[in-house]
Amino acid sequence: MHSFARWILVLIGLTLALSASAAKDPNEDAIKARRAVMTLQSWYAGPLFQMAKGAMEYDAEMAGIYAAHLNTMANVEGGAMWPEGTDNGAYAGKTRALPELWTTWPEAGKKAEALSEAAAALAEVAGDGLDALRSKIGAVGKACKGCHDDFRAEKM
Ligand code: HEC
């Protein structure tokens, strides 16, 4: 092969390699998306916990709306946000998801299911008064904590 042609091939190869390394890692998008879901779950659950504790005045309309949205967030299609190989070892500093989430699957799936059920039960009654809210909020808190205890690292 002419040395010129070889150079062109080398250049093409370099260009491809550079554009590949500049491309975004889709796993990082997935990590961002699942953390966003968690952030929103927390956003909607927060005032409900506050009301239940008496740290915020109970507001039936707001409680109903927040519980409905928490229920939505607890049921978004999120499977693809948890690709294998995106634990806190492989993506240190980017995620707190522990490897056990994958190695003990479907345990984490059961925890997600528990939240889904608890959030649905809460959404049904959250607007019916403080006692009704209190009767169902505990299971939600337990569902969050139950999964975090096993599958989320304390720190990034
Ligand atoms: C099925 C397991 C599971 C359930 C249920 C769950 N979480 Fe999480 N949560 C995680 C994992 C794993 C992470 C770490 C995600 C990451 O860093 O990639 C996380 C992260 C978070 C974060 C940090 C988000 C960030 O910015 O990194 C918040 C806040 C949070 N969860 C709130 C909640 C609340 C509130 C609930 C209940 C309403 C809840 N989670 C239910 C597993 C769960």
Fill in: Rounded D (µm²/s) - the chain, Kirkwood Rh over Cα pairs, Stokes-Einstein at 10 °C, 1.306 mPa s
88
Response to the item:
Counting only DSSP loop positions in region 50-156, the trypsin sites (Lys or Arg not before Pro) whose Cβ has at most 14 other Cβ atoms within 10 Å are LYS155
Worksheet item: Charges only on Cβ, +1 for Lys and Arg, -1 for Asp and Glu: so what's the dipole of the chain about the Cα centre, in debye to the nearest 20?
Response: 600
Worksheet item: Taking a threshold of 21 Å on the Cα-Cα distance, which of the pairs LYS53/LYS142; LYS110/LYS136; LYS24/LYS94; LYS110/LYS155 fall above it?
Response: LYS110/LYS155
Worksheet item: In the chain, what percent of the accessible surface is made up of carbon and sulfur (1.4 Å probe, ligands and nucleic acids excluded)?
Response: 60
Practice prompt. May I ask you to list the aspartates and glutamates whose Cα is less than 12 Å away from that of LYS111, ignoring any residue fewer than eight positions away on the same chain?
Written response: ASP149, ASP150
Fill in: Average accessible area per residue (Å²) across the chain - probe 1.4 Å, nucleic acids and ligands excluded
63
Worksheet item: Once fully extended, how much extra length lies between ALA5 and VAL76, figured as 0.36 nm per residue of separation less the alpha-carbon to alpha-carbon distance?
Response: 20.3 nm
Discussion item. Starting from the 7 Å offset along Cα-to-Cβ, what nm value, one decimal, do you get for the label separation of LYS24 and MET156?
Written reply: 1.7
Worksheet, complete the sentence: Between ILE65 and SER135, the two model label points (7 Å from Cα along the beta-carbon direction) sit apart by a distance in nm of 2.5
Item to complete: For every helix of n ≥ 4 consecutive DSSP H residues, a contribution of -39,500 (n - 2.57) applies; sum these over the chain, divide by its total residues, and give [θ] at 222 nm rounded to the nearest 500 deg cm²/dmol.
Response: -23000 deg cm²/dmol
Fill in: Exposure rank, largest accessible area first [HIS148, HIS69, HIS2; 1.4 Å]
HIS2, HIS69, HIS148
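The values are calculated or read from the model by the stated rules, or taken from the named source; none is laboratory data. It should be emphasised that the depicted structure is a prediction, and the values quoted were computed from it without experimental measurement. All Cβ positions, glycine included, derive from the backbone under ideal geometry; neighbour counts span all protein chains shown. Accessible surface areas use protein heavy atoms only, side chains included; no ligands, DNA or RNA. Shrake-Rupley method; radii C 1.70, N 1.55, O 1.52, S 1.80 Å.
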